[in-house]
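Student: First the structure, which I've put down as C-alpha cells, then a few questions once you've had a look.
Bear in mind these aren't lab numbers, they're just calculated from the coordinates by the rules spelled out. Since the model is a prediction, treat every value here as computed from it, not as a measurement. With ideal geometry, Cβ positions are generated from the backbone for all residues, glycine too; neighbour counts draw on all protein chains shown.
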C-alpha cells in the first residue's frame, strides 16, 4: 500500500515528472468556441495559444466533475492505495469543493483513506507541492498524516508571475487584488503573486527586461529553496534564460521547466513568465 498523490491540470506539471513520482493529474475543462476540451489530454499548449490569439471570445474553464474524482479515487483505493488530492486555490476554482464532494460520496470508511488539500496556490507552485508530497509519501503511514505534512508546507510555497497584459485576467474574472494595477500606464509590465489564495500585485516595471531580472531577484530573496521551477506560456527561450539565471539557487538540472496549460493560459495570456519555488 502507498499514499498516492492526485492533482489537477492547473498544476502545469510536466508529464515526465508526473510519471516519475506516480502523480495522477485530473484534467480541468476548457471551452473554446463551441467545443469542450480536457486540458493536457485533447488540448495542448501550442494549439491552445494559437487558437487563443485568433479567438474573438475568451475561452472559459471549469473544474473536473465530481464523477471524475470519484472514479479515480475508487480506482486507486481498489489498488490498495490511500490518496492525498491537492488542488488549486479554492478562491480561484471550485475544484477543491468538487474533490471533497467526491471524497464524501465514497462512504465513511473509504473516505477516511482520501484527504483533499486546498493548496491556496496554482500553476507550477501546485506542481512542485505535489512533487514534494510524492517524495514525502514513503515516509507517511496514512493519507491524513501526509495531508497534515502538506498543510504545514503551504506557507513556504511561493510564486511570481510576469504578465504581458492584465487583459485576460480581468476579462476572466480572476484578477483578485491585482485589480489595483488596472488602468496603470500602457506598456508597464506587472508582476503578480498568489497570496491568501488569490492574485495580488507585487510590482509594475517599465520594461520587460527589467521585469524578468526582478523575477530572479524575488526568487533569490527567498533562498534557500528546496524545489524550483520556471513556467512560460509562449516564449520558451525566455524561460530557458530565466532558468539559467536561477542556477545559483538550485543546480540547473534540478530546476523544472514547464508551460502554462490552457487552464491558466486562459487568464494569463501569451508571453507570461513565472517562477515557482518551495522555501527550505
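Student: Rounded to the nearest 0.05, what FRET efficiency do residue 253 and residue 154 have when you use their Cβ-Cβ distance and R0 = 41 Å?
Tutor: Calculated transfer efficiency: 0.95.
Student: One-quarter of the Cα convex hull surface for the range 1-142, in nm²?
Tutor: Reported value for the Cα convex hull: 8.6 nm².
Student: Of the residues 161, 69, 260, which exhibits the maximal mean-square fluctuation in a Gaussian network model of the chain defined by a 10 Å Cα contact cut-off?
Tutor: Top of the fluctuation ranking is 69.
Student: For residue 104 and residue 170 in the same chain, what is the full-extension length gain: residue separation times 0.36 nm, less their Cα-Cα distance, in nm?
Tutor: My answer for the length gained is 20.3 nm.
Student: What ranking do 52-63, 97-108, 267-278, 225-236 get when scored by the average of other Cβ atoms within 10 Å per residue, highest first?
Tutor: Highest-to-lowest ranking by the protection proxy: 267-278, 225-236, 97-108, 52-63.
Student: How large are Rg and Dmax for the range 156-279 when calculated on the C-alpha trace, in angstrom?
Tutor: Cα only, the range 156-279: 13.5, 40 Å (Rg, Dmax).
Student: May I ask for the Kirkwood hydrodynamic radius of the chain, worked out over all distinct Cα pairs and given in angstroms to one decimal?
Tutor: It works out to 18.9 Å.
Student: Using alpha carbons only, how many degrees (0 to 90, rounded to 10) separate the axis of helix 45-54 from the longest principal axis of the chain?
Tutor: Roughly 50 degrees between the two axes.
Student: Against the longest alpha carbon principal axis of the chain, how many degrees, from 0 to 90 and to the nearest 10, is the axis of helix 208-220 turned?
Tutor: 40
Student: For the Cα atoms of the chain, what angle does the longest principal axis make with the long axis of helix 236-245, in degrees from 0 to 90, nearest 10?
Tutor: Value to nearest ten degrees: 90.
Student: Further, regarding this structure: Could you give the nm distance between label points at residue 19 and residue 46, where each point is 7 Å from its Cα heading toward the beta carbon?
Tutor: 1.7
Student: Rounded to the nearest 5, what is the percent of antiparallel bridges among the DSSP beta bridges in the range 3-153?
Tutor: In the range 3-153, approximately 35 percent of DSSP beta bridges are antiparallel ones.
Student: May I ask you to work out the translational diffusion coefficient for the range 211-280 at 10 °C, viscosity 1.306 mPa s, via Stokes-Einstein with Rh from the Kirkwood sum over Cα pairs, reported in whole µm²/s?
Tutor: Estimated diffusion coefficient is 131 µm²/s.
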